[in-house]
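The values are calculated or read from the model by the stated rules, or taken from the named source; none is laboratory data. Fair warning: this is a prediction, and the values are worked out from it, not measured in the lab. Note: ideal-geometry Cβ built from the backbone for every residue, glycine included; neighbour counts use all protein chains shown. Just the protein is used for accessible areas: all its heavy atoms, side chains included, with ligands, DNA and RNA removed. Shrake-Rupley method; radii C 1.70, N 1.55, O 1.52, S 1.80 Å.
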Amino acid sequence: MDKIIHTKDNSDLDLYIDKDDRYIIFIDSEVLKIRYHIKKAKAKIIYIVLEELDIDLIEDGKIEDSEVTIAFIDVSKSVLKAQSRIEVKDHASLSLISKYLVSTDKDIDILCTNASKDTAVAIDNSAVALDDARLRLTCTGKIINGAKASISHQKSRTLVSGKVKDVKIDPILLIEESDVEASHAMSSGTIDEEVLYYMKSRGIKEEEAMRLLVTSYLLPDEGLFEGHEDKDAIINLIQERMEENVR
Amino acid sequence: MSSTLLIKDLHVNVDDKEILKGVDLEVNAGEVHALMGPNGNGKSTLLQTIMGHPRYQVTKGSITFDGQDVLTMSVDERAKAGLFLGMQNPGEISGVTNSDFLKAAINARRKTPISLFNFYKEIEGNIKKLKMKEDLAHRFVNDGFSGGEKKRNEILQMMILKPKIAMLDEIDSGLDVDAIKLVADAILEEKEKEGTGLIIVSHYDRFFGIIKPTHAHVIVDGRIVVEGDSELVEKIDKDGYDWLYQELKIHPVKKEERPLIFSLGTCALNPRS
């Protein structure tokens, strides 16, 4: 079942999911605590930040015996302080996708814990840092002792486009068990001057070329919204806001 | 309107080294200029300089296009004025689809954005003409394309953007015999239809045999040392460049060969030997 939630006027959100539900949560409140417990379900939670706010977000999630995708898409000019703690147990798997357009201060701290055996976590973070961006992204994958045959992979990539204030990405793995599969990867780069030249040689202005490159880097895969009746409208909304904020 | 690209006494440095040492060239609408010469002697440098690549620094001379000073124009302004460079190694733009890329390029030349219907009508006919894969519009620009697909994509862009002067840098390399004919025919058709002036760099007589240059120029060591027409192209295809070097007592620039460096590393050394 598809559910769309706007957090406006709410500072707390509690979700218990035991069915194959899909949530799209528009974060439009400044202080927010989200707690969720997902059990025996195939679920998807997509957070979307479009409004320009000063957000303080705490996420506390428990995932048991489930197949879950969580996506965090922030294409706003919001100042963001986010702390995310997610525990994955009992053969559960989690795909965590995050996409940040950064032109202000964003401080994100993610901890995903494989808390029992046969659990899997895959984290994929992408960020584009524009002029004046200050981004601190700490992403920790933890596998506790006894969580045998568990998997924890994470990758973070950042595209720096402009004079940023500070960009710091910390991928961390804390492994307490030996029978596991784990990795982390991080890349950071600037826009390729040759690509920019190629686009300009077709008459595309530099600003438009940058807009195309940034949106292509951050626009979520359509598959993330697969089956959602408002899929196109939501993707358009994200793209429009992203384009506004890249200009 | 007839268009003229006029280059006078052009000197160009790349990384503080002079590559072009005084090039004069005039290209008018409807003309086909073959630009020939050994590798590393300035052909691509000339084309990239006309297009405005930031790595190429003009130290002397002028480039004008229909009377406008090209050297004061940005790269995108040159493109919108009607110059086009089909590149030897076109860039790959992962994440940007061909349709978004082409739409942006078309809309850059229009006051109001092209409608989706007209856009697809425009590209689909040309995709068919070039026998490209139907899903091209939805693929990322040149990402994962074979050498031949990239070159066809350059020609597709040329056909859609309809430049007044198109410069094609080894556009036939990476194409098989059938594809060379297909691409050459498409270029010729475009020239006839739009009156496009062409500057073509190629090492293959087969390509020039179809395109039939009206003018030919040979660049050696940053200068145009001989000019002619399709007969010159045929002679070079038959005899190479040595006769030119002897007649004119000139030497081509040889590509720098980097020495092969081997290192065993300290761990491979036996300290007892």
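Restricting attention to the stretch A:172-199, report how many residues are open to solvent by 40 Å² or more (accessible area, probe 1.4 Å) and either within 19 Å of A:Asp118 (Cβ to Cβ) or away from every other protein chain (no Cβ under 14 Å) (or both).
16
If I ask for residues that are of a type outside the set (Val, Ile, Thr) and more than 10 Å from every other protein chain (Cβ to nearest Cβ), which ones from the stretch B:102-123 would you list?
B:Arg110, B:Lys111, B:Pro113, B:Ser115, B:Leu116, B:Phe117, B:Asn118, B:Phe119, B:Tyr120, B:Lys121, B:Glu122 - these are the residues of the stretch B:102-123 that are of a type outside the set (Val, Ile, Thr) and more than 10 Å from every other protein chain (Cβ to nearest Cβ).
Mind checking which residues of the stretch A:200-210 are open to solvent by less than 30 Å² (accessible area, probe 1.4 Å) and more than 7 Å from every other protein chain (Cβ to nearest Cβ)?
Step one: of the stretch A:200-210, the residues open to solvent by less than 30 Å² (accessible area, probe 1.4 Å) are A:201-204, A:209.
Residue satisfying the conditions is A:Ala209 alone.
Being hydrophobic (A, V, I, L, M, F, W, C) and within 16 Å of A:Glu244 (Cβ to Cβ) is the filter; apply it to the stretch A:214-233 and report the residue that is surrounded by the fewest Cβ atoms within 10 Å (Cβ to Cβ).
Residue satisfying both the conditions and the ranking: A:Leu219.
If you take just the strands (runs of 3 or more DSSP E) that sit entirely in the stretch A:73-120, which of them hold at least 1 residues that are open to solvent by less than 10 Å² (accessible area, probe 1.4 Å), among the polar types (S, T, N, Q) and touching a residue at least 12 places away in the same chain (Cβ under 8 Å)?
Counting at least 1 such residues, we get A:93-102, A:105-114.
What's the total number of residues in the stretch B:124-140 that are in contact (Cβ under 8 Å) with a residue 24 or more places away in the chain and either in contact with a Leu (Cβ under 9 Å, 6 or more places away or on another chain) or more than 11 Å from every other protein chain (Cβ to nearest Cβ) (or both)? So that I can check it myself, show each step before the final result.
In the first step, residues of the stretch B:124-140 are kept if they are in contact (Cβ under 8 Å) with a residue 24 or more places away in the chain; the result is B:126-127, B:129-132, B:136-140.
With the extra rule that they be either in contact with a Leu (Cβ under 9 Å, 6 or more places away or on another chain) or more than 11 Å from every other protein chain (Cβ to nearest Cβ) (or both), the set shrinks to B:126-127, B:129-132, B:136-139.
Within the stretch B:124-140, residues that are in contact (Cβ under 8 Å) with a residue 24 or more places away in the chain and either in contact with a Leu (Cβ under 9 Å, 6 or more places away or on another chain) or more than 11 Å from every other protein chain (Cβ to nearest Cβ) (or both) number 10.
Would you mind stating whether B:Asp15 is at pLDDT 95 or above, loosely packed, with under 15 Cβ neighbours inside 10 Å, out of contact with any Ser or Thr (no Cβ under 9 Å at 6 or more places or on another chain) and acidic (Asp, Glu)?
Working: at pLDDT 95 or above: no; loosely packed, with under 15 Cβ neighbours inside 10 Å: yes; out of contact with any Ser or Thr (no Cβ under 9 Å at 6 or more places or on another chain): yes; acidic (Asp, Glu): yes.
It is false that B:Asp15 is at pLDDT 95 or above, loosely packed, with under 15 Cβ neighbours inside 10 Å, out of contact with any Ser or Thr (no Cβ under 9 Å at 6 or more places or on another chain) and acidic (Asp, Glu).
What is the residue count in the stretch A:121-153 for residues that are part of a strand (DSSP E or B), closer than 25 Å to A:Asp221 by Cα and of a type in the set (Gly, Ala, Ser)?
6
Pull up the stretch B:130-142, narrow it to residues that are farther than 16 Å from A:Arg202 by Cβ and part of a loop (DSSP other than H, G, I, E, B), then point me to the one that is most open to solvent (accessible area, probe 1.4 Å).
Per the criteria, the residue is B:Lys131.
For the stretch B:75-90, how many residues are in contact with a helix residue (DSSP H, G or I) (Cβ under 9 Å, 6 or more places away or on another chain), without any contact (Cβ under 8 Å) to a residue 40 or more places away in the chain and at the interface with chain A (Cβ under 7 Å from one of its Cβ atoms)?
2
Select from the stretch B:107-123 the residues that are open to solvent by 20 Å² or more (accessible area, probe 1.4 Å) and touching a residue at least 12 places away in the same chain (Cβ under 8 Å) and write down the one among them that is farthest from A:Thr215 (Cα to Cα).
B:Glu122
Among (1) among the β-branched types (Val, Ile, Thr); (2) touching a strand residue (DSSP E or B) at 6+ places or on another chain (Cβ under 9 Å); (3) open to solvent by 20 Å² or more (accessible area, probe 1.4 Å), which single condition is B:Ile210 missing?
Answer for B:Ile210: the failing condition is (2).
Results for (1) touching a helix residue (DSSP H, G or I) at 6+ places or on another chain (Cβ under 9 Å); (2) among the small types (Gly, Ala, Ser); (3) open to solvent by 20 Å² or more (accessible area, probe 1.4 Å), shown as yes or no for each residue.
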residue: A:Ser156; (1), (2), (3): no, yes, no
residue: A:Asn236; (1), (2), (3): no, no, yes
residue: A:Arg241; (1), (2), (3): no, no, yes
residue: A:Val246; (1), (2), (3): yes, no, yes
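Scan the stretch B:166-194 for residues that are farther than 16 Å from B:Lys129 by Cα and within 18 Å of the chain's Cα centre (by Cα) and jot them down.
B:Ala166, B:Met167, B:Leu168, B:Asp169, B:Glu170, B:Ile171, B:Asp172, B:Ser173, B:Gly174
Got at least one residue in the stretch B:26-49 being within 14 Å of chain A (Cβ to nearest Cβ) and open to solvent by 40 Å² or more (accessible area, probe 1.4 Å)?
Within the stretch B:26-49 (the criterion being within 14 Å of chain A (Cβ to nearest Cβ) and open to solvent by 40 Å² or more (accessible area, probe 1.4 Å)), the answer is no, since none of the residues qualifies.
Conditions tested, residue by residue: (1) over 21 Å from the mean Cα position of the chain (by Cα); (2) surrounded by 21 or more Cβ atoms within 10 Å (Cβ to Cβ); (3) away from chain A (no Cβ under 11 Å).
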{"site": "B:Arg55", "(1), (2), (3)": "no, no, no"}
{"site": "B:Thr59", "(1), (2), (3)": "yes, no, yes"}
{"site": "B:Ser62", "(1), (2), (3)": "no, no, yes"}
{"site": "B:Gly67", "(1), (2), (3)": "yes, no, yes"}
{"site": "B:Val70", "(1), (2), (3)": "no, yes, yes"}
{"site": "B:Glu92", "(1), (2), (3)": "no, no, no"}
{"site": "B:Thr97", "(1), (2), (3)": "yes, no, no"}
{"site": "B:Asp100", "(1), (2), (3)": "yes, no, no"}
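Within the stretch B:72-88, work out how many residues are exposed (fewer than 15 other Cβ atoms within 10 Å of the Cβ) and β-branched (Val, Ile, Thr).
1
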